[in-house]
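Trainee: Before anything else, here's the structure in question.
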Amino acid sequence: MASPPPPKLPAPAPRNVLITSALPYVNNVPHLGNIIGCVLSADVFARYCRLRGYNVIYICGTDEYGTATETKAMEEKCSPKEICDKYHAVHSEVYKWFDIKFDKFGRTSSPQQTEVCQAIFRKLMENNWLTENTMQQLYCDTCQRFLADRLVEGKCPTEGCNYEAARGDQCENCSKLLNPTELIDPKCKVCKNTPRIRDTDHLFLELPLLKDKLVNYINETSVTGMWSQNAIQATNAWLKEGLKSRCITRDLKWGVPVPHEKYKDKVFYVWFDAPIGYISITASYTPDWEKWWKDPENVELFQFMGKDNVPFHTVMFPSTLLGTGEKWTMMKTISVTEYLNYEAGKFSKSHGIGVFGNDAKDTNIPPEVWRYYLLTNRPEVSDTLFTWADLQAKLNSELLNNLGNFINRVLSFVAKPAGAGYDSIIPDAPNAESHPLTKALAEKTNKWVEQYLEAMEKVKLKQGLKSAMGISSDGNAYLQESQFWKLYKEDPAACAVVMKTSVGLVYLLACLLEPFMPSFSIEVLRQLNLSPEESLSFCDNKGESAKAERPWEFVPAGHKIGKPSPLFKELKDEEVESFRNRFAGSQAERNSKAQADAEAKKVADKLKGTKLSEGGQKKEQKKQSGGSKSKNAEVDVTVAKLDIRVGLIRKAEKHPDADSLYVEEIDVGEEAPRTVVSGLVKYIPLEEMQNRKVCVLCNLKPVAMRGIKSHAMVLAASNEDHTKVELVEPPESAAVGERVTFAGYSGEPEASLSGKSKTWEKLSADLHSNGELVACYKDVAFTTSAGVCKVKTIANGEIR
């Protein structure tokens with residue numbers, strides 16, 4: 001077994017590039033949004049740097065300390081270290097499958113992390129950038145502990161948001177950074193009880209005192225490092241709000257201990273110590289780590305992350321390093337992605353929504369296809385959307401029919417036996433530059449390469465990929481226009497030029513696309529019978545990039561190619577539909593038994609024609625003798641099968657492909673919200689759909705509506721001519737997830753409401769005493785423990 005290569009150190013040679021990607025948190029499996037947001041994007045740039053001959057290392061690892069790890073350990077009934085060991089291995093396996101090539105993929109729960117973090121802390125203390133302060137923090141008397149940010153949930157205090165499940169450190173809905181004490185109606189995530197505010201002493205980094213140093217760094221580096229616009233905007237937003245002292249300690253056990261007698265029972269806040277993880281992981285890669293991290297004149301630092309992490313890398317981490325007074329390698333360029341959304345909503349680790357790294361592997365779609373799709377869809381300037389139909393289109397049209405078709409046509413023709421092809425031997429092509437069609441192609445190819453290099457140097461990865469794929473499109477057009485199959489007989493010399501040039505383009509594509517699809521490039525080089533170790537290079541000093549003007553020179557005459565074979569496989573409609581169904585809903589829902597069956601469908605059909613009436617109004621069947629009681633009893637049996645719950649609409653938006661439909665994310669008390677599609681656009685304004693409690697019928701078979709699968713139905717009432725529709729509203733104090741039950745029905749002697757037993761007539765009168773209408777089903781009131789469900793004005797309506 002070969003020993004690993006020695007660690008790379010900065011050298012006098014052309015460029016020394018240090019690349020980091022945001023450290024993925026270790027409490028779950030990464031999803032596709034996480035992968036494109038940091039590790040994949042950084043991997044593409046690192047591979048590009050290697051291709052160009054730069055001296056580069058790519059550093060990453062799992063972020064392991066903090067509340068989220070403690071919480072996950074509680075959920076899985078094990079220690080934080082066991083959680084970290086488990087998920088570090090999961091992350092490593094996922095990234096290995098995705099062909100992510102780190103120089104070091106480490107961990108923050110290491111001795112090096114403690115050593116580096118505490119050394120930086122001591123420097124900040126020496127330089128008087130830290131202060132002590134008493135702060136109010138939530139304390140749970142039940143759990144007998146101070147609650148860290150992520151152990152608290154409540155309503156977001158931000159005006160216009162009011163998200164019910166905001167965390168103590170940040171609202172997932174509006175992205176606003178929070179303090180736990182700001183939450184409205186906070187709850188302990190462990191025991192669900194309401195915590196109280198208690199004083200506790202902590203250490204603070206005085207960002208206001210460091211402002212001048214920080215602003216000078218930002219103003220200079222954001223220009224020279226060509227920061228992405230979203231990074232500049234996020235940073236300026238923090239500066240505009242005014243820098244505040246930031247607490248750097250927490251009342252936890254799992255973390256880097258604070259080396260201070262008074263605070264020895266506390267640990268460093270994860271957002272103080274996590275960015276230091278880049279340094280400590282480099283220290284675990286080489287004991288000479290300071291040659292990378294303390295040589296700003298000779299080392300360029302590039303950092304990759306999602307937009308949520310920007311302020312911590314452009315404000316907090318630089319301030320920390322500046323405060324030490326030491327000569328650190330500061331970030332030069334930051335590359336930031338927006339959100340990659342999934343079908344109808346956001347990818348979410350906490351809610352299990354989307355396609356996760358292990359899911360991608362289980363589809364048997366090769367990693368190079370996933371990489372290509374994520375990178376063409378990279379959310380560089382705005383949010384982008386993952387859909388299975390789009391993945392299919394890009395695979396079938398761009399990879400299979402464009403790129404794969406070009407390479408296979410060229411190599412298959414060269415591999416044909418003499419008399420039909422070249423018997424796998426590259427023909428000689430003297431005077432290729434005098435062939436007009438080839439000369440024109442070479443000029444186009446050189447322009448594509450120039451655009452590719454310019455884009456990649458600026459970390460415009462999507463544009464770089466587009467430029468490389470342009471070479472393939474031009475190659476296909478070149479083959480068609482040359483009609484090489486005719487030239488083989490009619491003009492063998494011209495055919496040899498076309499084929500030798502086309503083989504050169506195949507090699508060029510293998511090089512330029514290697515950062516994006518490394519396994520694809522290795523397979524192409526195998527079919528060309530070229531060694532990846534020797535051939536994957538595109539350096540200026542070797543003259544390789546200059547050959548783009550003369551693509552016929554890339555592969556020498558007389559070289560024997562390998563055996564061609566198709567590079568991509570078509571993704572069929574039935575496979576796409578299967579994947580869409582398979583990965584709908586949350587991970588928890590996927591692993592559970594399907595909730596709907598034929599009976600639920602029958603109930604739904606029956607509901608569509610069922611009357612909603614004002615409670616207490618006499619129905620005609622009530623007056624009928626004999627059969628009325630058995631008919632009502634039949635209704636009661638049907639009603640009992642309905643799983644109707646109190647739901648909270650967390651988010652509502654217009655359907656992207658249907659003007660009359662809303663797409664809602666509704667919390668019905670499960671691990672993750674349900675996606676529901678409702679035809680309410682004509683009746684209820686969008687602003688009235690936000691953060692609103694509704695009644696939700698949950699045991700219906702999921703159905704796709706214009707490409708988005710709906711997993712429940714919102715109950716509403718309409719008048720007889722369907723010109724007016726209103727939502728059935730549970731009481732404001734009803735608990736989310738509570739089952740909606742029925743108080744009784746006309747014809748029975750008694751019905752109950754909120755624990756009181758009454759005759760139906762008395763119940764009806766009470767319900768209407770305040771002038772509001774009660775939502776009923778065949779004279780059966782919808783009720784919760786908090787009271788009855790109501791409609792505003794509609795009587796004698798139909799359920800929808």
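The values are calculated or read from the model by the stated rules, or taken from the named source; none is laboratory data. Only a predicted model underlies this, so the values are computations on that prediction, with no experimental measurement involved. Cβ placement follows ideal geometry from the backbone for every residue including glycine, while neighbour counts extend to all protein chains displayed. Areas reflect the complete protein model, heavy atoms only, side chains present, ligands, DNA and RNA absent. Shrake-Rupley method; radii C 1.70, N 1.55, O 1.52, S 1.80 Å.
Trainee: Amide H neighbours of Tyr422 under 5 Å, counting only residues 5+ apart in sequence or on other chains, H built in-plane at 1.01 Å?
Mentor: Amide H to amide H, under 5 Å and 5 or more residues apart or across chains, Tyr422 pairs with Ala415, Lys416.
Trainee: Follow-up question, since we're still on this one. So which trypsin sites (Lys or Arg not before Pro) in segment 117-197 pass both tests, a DSSP loop state and at most 11 other Cβ atoms within 10 Å of the Cβ?
Mentor: Those that pass, being in a loop and sparsely packed, are Lys192.
Trainee: Find the centroid of the Cα atoms in segment 356-415 and in segment 149-200, then give the distance between the two in whole Å.
Mentor: If you average the Cα positions of each part, the centres end up 41 Å apart.
Trainee: I'd like the Karplus ³J(HN,Hα) series for segment 111-121: coefficients 6.51, -1.76, 1.60, θ = phi - 60°, whole numbers in Hz, and an x wherever there's a Gly or Pro.
Mentor: Per-residue couplings from phi come out as x, 5, 5, 4, 5, 5, 4, 5, 5, 5, 4 Hz.
Trainee: Give me the Debye-computed log₁₀ of I(q)/I(0) at q = 0.18, 0.27 Å⁻¹ for segment 163-223, equal point scatterers on Cα only, no solvent, two decimals.
Mentor: After summing over all Cα pairs, the log10 values are -0.83, -1.11.
Trainee: According to a simple spin-label model (label point 7 Å from Cα along Cα-to-Cβ), what is the distance in nm between Ser565 and Thr200?
Mentor: 5.9 nm
Trainee: What list of ³J(HN,Hα) values in whole Hz, one per residue of segment 56-68 in order, does the Karplus curve 6.51 cos²θ - 1.76 cosθ + 1.60 (θ = phi - 60°) give from phi, with Gly and Pro shown as x?
Mentor: Ordered by residue, 3J(HN,Hα) equals 10, 10, 10, 10, 7, x, 8, 7, 10, 8, x, 5, 4 Hz.
Trainee: Counting only the backbone N, which residues of segment 543-570 are under 12 Å from the spot 7 Å out from the Cα of Glu450 toward its beta-carbon?
Mentor: Residues 549 fall inside that zone.
Trainee: Next question, about the same structure. Is the C-alpha gyration tensor of segment 401-560 telling us rounded, prolate or oblate? Criteria: a/c under 1.5 is rounded; beyond that, a/b larger than b/c is prolate, otherwise oblate.
Mentor: Working: a/c = 1.73, a/b = 1.49, b/c = 1.16.
Prolate, because a/c is 1.5 or more and a/b exceeds b/c.
Trainee: So, one more: In whole Hz, with x marking every Gly and Pro, tabulate ³J(HN,Hα) for segment 477-487 from phi via Karplus 6.51 cos²θ - 1.76 cosθ + 1.60, θ = phi - 60°.
Mentor: 5, 4, 4, 5, 5, 6, 6, 4, 5, 7, 4
Trainee: Where q = 0.25 Å⁻¹, what log10 of I(q)/I(0) comes from the Debye formula for segment 212-304, counting one point per Cα?
Mentor: Treating every Cα as an identical point scatterer, log10 I(q)/I(0) equals -1.21.
Trainee: What figure in square angstrom, to the nearest 10, would you give for the accessible area of Tyr507 with a 1.4 Å probe?
Mentor: Rounded to the nearest 10, that gives 20 Å².
Trainee: Expressed in nm to one decimal, what extension gain is obtained for the pair Lys123 and Lys264 from 0.36 nm per residue of sequence separation less their Cα-Cα distance? Intermediate results must be reported in sequence, preceding the final value.
Mentor: Details: separation 141, 0.36 × 141 = 50.76 nm, distance 1.74 nm.
Net length gain for the segment: 49.0 nm.
Trainee: Long-range amide H contacts for Val56: which residues qualify at under 5 Å (H placed 1.01 Å from N, peptide plane, sequence gap of 5 or more or a different chain)?
Mentor: Here Val17 satisfy the definition.
Trainee: Report Rg (one decimal) and Dmax (nearest whole number) for segment 260-412, counting Cα atoms only, units Å.
Mentor: 21.2, 74
Trainee: Once amide H atoms are built 1.01 Å from N in the peptide plane, which residues 5 or more positions from Tyr339, or in another chain, come under 5 Å H to H?
Mentor: Asp383, Thr384
Trainee: Based on the alpha-carbon gyration tensor of segment 129-284 and its eigenvalue square roots a ≥ b ≥ c, which shape applies: rounded if a/c is under 1.5, prolate if not and a/b is larger than b/c, or oblate? If you can, show how the numbers build up before the last one.
Mentor: Working: a/c = 1.98, a/b = 1.32, b/c = 1.50.
It comes out oblate by the Cα gyration axes.
Trainee: Between Ser397 and Asn236, what is the FRET efficiency for a Förster distance of 35 Å, r being their Cβ-Cβ separation, to the nearest 0.05? All intermediate terms of the calculation are to be shown ahead of the outcome.
Mentor: Details: r = 40 Å, r/R0 = 1.15.
The formula returns an efficiency of 0.30 here.
Trainee: Let me ask something additional. I'd like the distance separating the alpha-carbon centroids of segment 1-33 and segment 209-247, in whole Å.
Mentor: Computed from Cα coordinates, the inter-centre distance equals 26 Å.
Trainee: Another question about this same structure. Roll a 1.4 angstrom probe over the protein heavy atoms and tell me the percent of accessible area of segment 1-119 that is carbon or sulfur.
Mentor: Reported share for carbon and sulfur atoms: 57 percent.
Trainee: For segment 401-560, report the accessible area per residue in Å² (1.4 Å probe, heavy atoms, rounded to an integer).
Mentor: Details: 6600 Å² over 160 residues.
Computed with neighbouring chains in place, this is 41 Å² per residue.
Trainee: Could you check how much of the accessible area of segment 401-560 is carbon and sulfur, as a whole percent, using a 1.4 Å probe? Kindly include the intermediate steps, with their values, before the conclusion.
Mentor: Details: 3290 of 6600 Å².
After summing per-atom areas, the C and S share lands at 50 percent.
Trainee: On to the next question. Using the Cβ atoms and a cut-off under 13 Å, what net charge is assigned to the surroundings of Glu290, where Lys and Arg are +1 and Asp and Glu are -1? Kindly include the intermediate steps, with their values, before the conclusion.
Mentor: Working: positive: Lys291, Lys294, Lys327; negative: Glu115, Asp288, Asp295, Glu326.
My count for the surroundings of Glu290 gives -1.
Trainee: A further question on this structure: Could you list the square roots of 5 times each eigenvalue of the Cα gyration tensor of segment 1-111, that is, the equivalent ellipsoid semi-axes, sorted largest first and rounded to whole Å? Could you put the intermediate results ahead of the total?
Mentor: Working: eigenvalues 174, 44, 30 Å².
Value: 29, 15, 12 Å, ordered largest first.
Trainee: Here's something else I'd like to know. At a 1.4 Å probe radius, carbon and sulfur cover how many percent of the accessible area of segment 232-281? Let's see the in-between values first.
Mentor: Details: 1110 of 2090 Å².
In segment 232-281, the share of accessible area belonging to carbon and sulfur is 53 percent.
Trainee: A follow-up question, please. Could you give me D for segment 638-711, from Stokes-Einstein at 37 °C and 0.692 mPa s, where the hydrodynamic radius is the Kirkwood radius over C-alpha pairs? Units µm² s⁻¹, please. Mind dumping the intermediate values first?
Mentor: Details: Rh = 12.7 Å.
Result for D is 259 µm²/s.
Trainee: So what's the gap between the Cα centers of segment 265-309 and segment 87-126, to the nearest angstrom?
Mentor: Between the Cα centres of segment 265-309 and segment 87-126 lies a distance of 8 Å.
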